[in-house]
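S.K.: Sharing a structure here in structure tokens format.
No lab work stands behind these numbers, since they all come straight from the coordinates. All of these numbers come straight from a predicted model, not from anything done at the bench. Note: ideal-geometry Cβ built from the backbone for every residue, glycine included; neighbour counts use all protein chains shown.
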Amino acid sequence: MEDLYEKIELYLSGGLNGQEKETFEADIQRDSSLANEVALYRQVRETVSRRANLEKEEADFLNLLNEGKNEDKRGIIRDFRRRNLLIVAIAAGVALILASIILLRKVEKSGPELFAMYVEAPTLPNLRDTEGGVCEEGAVQLKEGQYADAINSLEQCLGDSSKGLDVSLALAYAYLYVDDAKAKELLEEIDRKRHDFLPTVKYKAVWYLILLGVKLEDWENVNAMLNDLLQLKDLPLALRKDAEVLKSELPKN
Amino acid sequence: MPHPDQRYIQALRENNPKLIQEINQNFRPAIIALCKKNSGNHQEGEDLFQEALLAIWRRVREQGIELHVPFGAYLYRVAKNKWINILKQKARREVTFEDLSGYEGVEGDSEALERLELIERQEALIWERFKELSDRCQEILKGAWSQTFSSMESMADSLGVSYGYLRKKKSECTARLMKLVKESHSFQHLKNG
């Protein structure tokens, strides 16, 4: 068989002389199996020749094709990264907002905290003892935070009609720490009275009502009362300032 | 007059990186989808795309192509036939094929394409068998048949062997390759249509 292939090779490569070539071609015409062998050999030879010649270029083309695919994949990865970056940015934004809310909630003070910050005992300039010292005693107890004792003393003190509103305000102040409902009742009573000659007591009573609302975290009423208070033209400057600052510190929601 | 997509054929002829990337982006998904829709997976789809495009690239190199249909339709046709043959080889029976390409009827001269593809399959098989030979045999047959050398004597010099050894070895390698090709069941099948 190897000899046959050598002869076919010579025939296909032009290595047979004229006579040899004619004889071989006559054999091919006569013998179909030889013709098939020659045809197959030619196909194998040409295929190997073409593929061998294209092999290097083919490798270059495949590299190019795969570079394209990789570029495509890199594009997908870039898109994926971009998408991820966007997701991360959104997540970071949401986290920041949440953190801010949490922080703000932490910064925002509770009603009792705000109440403690803003509430101050009223000044009691007219509490001169005429009834065995209970008025002065009540003032001292109030100052020292002995509210139950102060209530007891100040209620006795209230028997002296000349000390009405000041003492009532002091008593209401003491009740702010002991009995919210009683404090509210007293403060609203002061607010209802005509006391053109003592507007600061009225304003102070309203202020205590506001602070009671703060303590109870009744924010809607607190806001409404603060707005009303801040509209008063003759509101003492110090109280106006306190009212404005308190308003800014109220919880946002 | 060639189809406007002839530019892709030109790109394959010139190995134009930009347009080859465009081919990748525009046509690869359809070939992968074809494969996946017909019992294949994504990787087989990738391989099919590469094989089909490589087949067209070879045609462009060896005989040139004048495109009268969209490039996508032509590529799809080549890929589809390749995939049907792969499925047939796997199943050893006729296969049904689901075609969602929208390219049916715009595939050009089917008969001519089928003849071409039959030859390509035969050649692919010959090349596969060639690759089964030893490295030495491959080197010798490539050298002898690809006209790298002006003569067997110069080839023997280049390989550092005697002319007699080279001649004998070449005969053995040729006989071995012919035997491998003839014994191939697939090749017999291809020959008989």
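S.K.: Which distance in nm do the two modelled labels at A:GLU6 and A:GLU55 give, with both placed 7 Å along the Cα-to-Cβ direction?
M.R.: Distance between the two pseudo-spin positions: 2.5 nm.
S.K.: Right, something else. Tell me the label-point distance for the pair A:VAL94, B:SER39, using the 7 Å Cα-to-Cβ offset, in nm and rounded to one decimal.
M.R.: Those two pseudo-labels are separated by 4.6 nm.
S.K.: Between B:ILE119 and A:GLN29, what FRET efficiency comes out of the Förster formula 1/(1 + (r/R0)^6) with R0 = 25 Å and r the beta carbon distance, rounded to 0.05?
M.R.: It comes to 0.55.
S.K.: A further question follows. Return the distance in nm (one decimal) between the two label points of a simple spin-label model at B:LEU159 and A:ASP234, each offset 7 Å from Cα along Cα→Cβ.
M.R.: Taking the two extended label points, one gets 12.4 nm.
S.K.: Going through the cross-link list A:LYS109/A:LYS182; B:LYS90/B:LYS142; B:LYS90/B:LYS182; B:LYS18/B:LYS142; A:LYS143/A:LYS184, which pairs have a Cα-Cα distance over 28 Å in this structure?
M.R.: B:LYS90/B:LYS142; B:LYS18/B:LYS142
S.K.: Right, here's the next one. Return the ratio Rg/(2.2 N^0.38 Å) for the range B:124-191, where Rg is computed over Cα atoms only.
M.R.: Rounded to two decimals, the normalised Rg is 1.20.
S.K.: Can you give the Kirkwood hydrodynamic radius of the range A:134-253 from its Cα pairs, in Å with one decimal?
M.R.: Mean inverse Cα-Cα distance, inverted, gives 14.9 Å.
S.K.: Let me ask another. If I take R0 = 60 Å and measure r between the Cβ atoms of A:ILE87 and A:GLU120 in this structure, what FRET efficiency does the formula 1/(1 + (r/R0)^6) give, to the nearest 0.05?
M.R.: It comes out at approximately 0.70.
S.K.: Also: If you split all Cα-Cα distances of the range B:1-66 into 10 Å bins from zero, what percentages do you get per bin, shortest first?
M.R.: So the P(r) values, bin by bin, are 22, 47, 27, 5.
S.K.: What are the residues whose amide H is under 5 Å from the amide H of B:HIS3, where those residues sit 5 or more places off or on another chain and H is modelled from the backbone?
M.R.: Answer set, sorted by chain and number: B:LEU67, B:HIS68, B:VAL69.
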